[in-house]
Amino acid sequence: MPSASPSTDFNLQPLAFIDLETTGLRTTKDRITEIAIIRYQNGQELDRWSQLINPKMKIPEQIQHLTGIHQAMVDDAPEFKEVIDIVRGKLQGFTLVAHNARFDYGFLRNEFNRVNEQLHCQVLCTVKLSRRLFPKQQKHNLDALLAAANIPSENRHRAMSDTQALVGWFNSLPERVSIESINDGADQVMRQQALPSHIDPGQIMDIPDTAGVYLFYGENELPLYVGKSVTLRSRIRSHFYDDRHSNKEMQLLQQVRHIEYRSTAGELGALLLEASLVKQLCPVFNRQLRKKQQLVSLQWNGSIAQTPQVVDACRLNLHQCEQFYGLFRNKRDADQTLRKLSEEFRLCLKKPGLEKGKGACFGSQIGRCDGVCAGKEDEEIYLQRQHDVLNRIRLNAWPYPGALVIEEIAKAPYIGFDGKNYQSDFLLFDNWRYLGRFNSLEQAKTTYGDKQISDNLPAFDRDIYKILISQLKKQGEHLHLIPLEA
Ligand SMILES: [Zn+2]
C-alpha cells in the first residue's frame, strides 16, 4: 500500500458540519427547532444552510431562554418533513460532523423514521475527536474547545453560530496537531462509533421501545448475550452508541451479527424471560444467571434434638416451609454460613454438628459459645436464639393455597410475536416455580388445570424465587395478583 496521498486527508473529504436546537434532550420525545449545516469539500466551504423548524410541541421556558428560539418564531416555520428532502440531499455522500454527534444523529434519524425513512451516514463526533487529539485537556464541551483553540464564541446556542464555531475549531486543528494525527484520530473515532458492519442501523430503529428481552447472536447463530430492559430500543442503542465501553463489552459488540428481541408487558415478564433464555441458551457473555446450578438448603424442624440438615433444594416444597433456611451452592457453603452465624451470635458449633467430640465445645472455653453444651445456657433460651438467628435466612413460605397468576399490565399495548396487540401478560407461578407466560387468564388456568404441569413442577430456581420476592415487595398498580384454587 502506498502511503496516504494528500487527497485522502480527512479534512479534504466531504464533510457536513451540523448543529441542531431542540425542545429538550430526549431523542425520541423531543423535537428539532432549528437545524444548520455547513458543508466542506476539498478543504473549502461548499455551502451553508439553516432553518427554523416547527417542533409541533411546546418549547420549555428554560430552553427558549437558553437558545433564544421562542415559540412564536417556530409556530409558522415548516415542519421537519417539509425540509427533509433538503436535509437528505445535503447529507448524501457527506460525513456528518457534530459535537456530541450521537445526539444530533439520533434526532435526525428519528425525524426520518417519522416519515418511514431511514437515514444512514458516516458520523464523526468532535467530542470524541477532541478527547483523542487532546487527551490532557480536561473538558471537551464546545466552549472548552473554542477556548483551547482561541476562537471567540458569540451568539452561542443558535444552530448556525454553533456550527460555525465547530467549523472554526476543526479548521484550527492543522495548526495544533499533525495531519496524520487528525487522520488517525478521525479514523479511530469513526470506527468506534460505527455499528458492527453486519448490523443494519435500521434494524435497531425498528425495535420497539417497550419492555422485553434482546438477544445478540454471533457467527453461526452463536448466542452471545441475553439482556432485558423496560426500553428495548434505547437499551440496545446504548450498547452501540454510548461513549464508554469496557473491553469486555467492546469484544461482545464486535462479534454481534444479528439481534433479536421479544416484547413483554413489563419488567417482571422481561426478567423471567431473560432468566429462562439465559439458562436455555447459555450465552457466552452472560456471567450472572448462568446455567442451572445445584442448590441446597438447610432443613430444621425447630427442636433441640435435631440439627439443621443439608437438603437438595431442587425439590423444595415451600408450601410447608417454616423449616427451610437459605439457599447454597453446596454443603460446604451451607456449613460456612451456619458457622459464621453461630460464631457471630455465640451459638454452639456442636449443635449443628460443625464440631465433633464429647463434652463442651471449644468455643465455650474461649467465650465464643454461651455454653448450652456445658449446661451454662438454658436449652429453651438457646432454642429461641437459634430460631431468631436462622430466621434471618429463612425462605419465604409460598403464601397461596394453589397457584398464582400475576397479570402484568403494560404501559401501552405491545405487539406480540404473532403480530397482535397485547395489553397484559399473564404469568403463572406455583410454589415459587414459574410455569409460563400466557396471553389470557383462561390460558393460564387451563395450563394449571393440566395434571402434567401441576404434578411435575420444575426444579426450584433461586433466580426465579428472588425475582418474584423482589417484585412482590415492590408491587404496584401494574401487577394484579390472581390466586387460583388449589
Ligand atoms: Zn458450645
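The values are calculated or read from the model by the stated rules, or taken from the named source; none is laboratory data. Only a predicted model underlies this, so the values are computations on that prediction, with no experimental measurement involved. Cβ: placed from backbone, ideal geometry, glycine included. Neighbour counts: every protein chain shown. All accessible areas refer to the heavy atoms of the entire protein, side chains included, with ligands and DNA or RNA removed. Shrake-Rupley method; radii C 1.70, N 1.55, O 1.52, S 1.80 Å.
For this structure, a couple of remarks:
- A residue that is touching a Gly at 6+ places or on another chain (Cβ under 8 Å), among the aliphatic types (A, V, I, L, M) and open to solvent by 20 Å² or more (accessible area, probe 1.4 Å) cannot be found anywhere in segment 414-430.
- Tabulated pairs, segment 153-181, first in the same structural domain as H140 (by TED's automatic domain parsing) and assigned to a helix (DSSP H, G or I), second among the acidic types (D, E) and at pLDDT below 90, C-beta under 7 angstrom, 6+ apart or interchain: S161/E154; I179/D9
- Some residue of segment 418-427 being under 26 Å from C314 (Cα atoms) and touching a strand residue (DSSP E or B) at 6+ places or on another chain (Cβ under 7 Å): yes
- Subset of segment 125-139 [surrounded by 14 or more Cβ atoms within 10 Å (Cβ to Cβ) and either assigned to a helix (DSSP H, G or I) or at pLDDT below 90 (or both)]: C125, T126, V127, K128, L129, S130, R131, R132, L133
- Qualifying positions in segment 141-152 - part of a loop (DSSP other than H, G, I, E, B) and open to solvent by 60 Å² or more (accessible area, probe 1.4 Å): N141, N150, P152
- Filtering segment 249-307 to residues that are at pLDDT 85 or above and under 30 Å from H387 (Cβ atoms) leaves L295, V296, S297, L298, Q299, W300.
- Unique match (being under 27 Å from S297 (Cα atoms) and more than 16 Å from the ligand (Cβ to nearest atom)) among P413, P401: P401
- Residue that is nearest to L272 (Cα to Cα) [pool: residues in segment 194-208 that are at pLDDT 75 or above and buried (at least 17 other Cβ atoms within 10 Å of the Cβ)]: I207
- Pairs meeting the criteria (first residue in segment 285-305 and at positive phi and outside any loop (DSSP other than H, G, I, E, B), second residue basic (K, R) and at pLDDT below 70, beta carbons under 9 Å, at least 6 apart or on different chains) are lacking.
- Subset of segment 34-76 [over 38 Å from the mean Cα position of the chain (by Cα) and open to solvent by less than 20 Å² (accessible area, probe 1.4 Å)]: none
- Verdict on G359 being open to solvent by 30 Å² or more (accessible area, probe 1.4 Å) and either of a type in the set (G, A, S) or touching a helix residue (DSSP H, G or I) at 6+ places or on another chain (Cβ under 6 Å) (or both): yes
- Summed over segment 383-416, the residues that are part of a strand (DSSP E or B) and either modelled with pLDDT under 90 or of a type in the set (K, R) (or both) give a count of 6.
- If the condition is being more than 10 Å from the ligand (Cβ to nearest atom) and either assigned to a loop (DSSP other than H, G, I, E, B) or of a type in the set (D, E, K, R) (or both), then segment 355-382 contributes K356, G357, K358, I366, G367, G375, D378, E379, E380.
- The listed residue being polar (S, T, N, Q) and more than 49 Å from the chain's Cα centre (by Cα), out of Q365, Q336, Q384: Q365
- Pairs, first within 17 Å of N110 (Cβ to Cβ) in segment 81-92, second modelled with pLDDT under 95 and open to solvent by less than 70 Å² (accessible area, probe 1.4 Å), C-beta under 6 Å, six or more apart: K81/V115; L91/C121
- Taking each residue of segment 335-351 that is not assigned by TED's automatic domain parsing to the domain that holds G371 and assigned to a helix (DSSP H, G or I) and looking for partners that are within 14 Å of the ligand (Cβ to nearest atom) and of a type outside the set (F, W, Y) with beta-carbon atoms closer than 6 Å, six or more apart or interchain, yields nothing.
- Selected residue (only one of G436, G419 is of a type outside the set (V, I, T), free of Cβ contacts under 8 Å to residues at least 40 places away in the same chain and not in a strand (DSSP E or B)): G419
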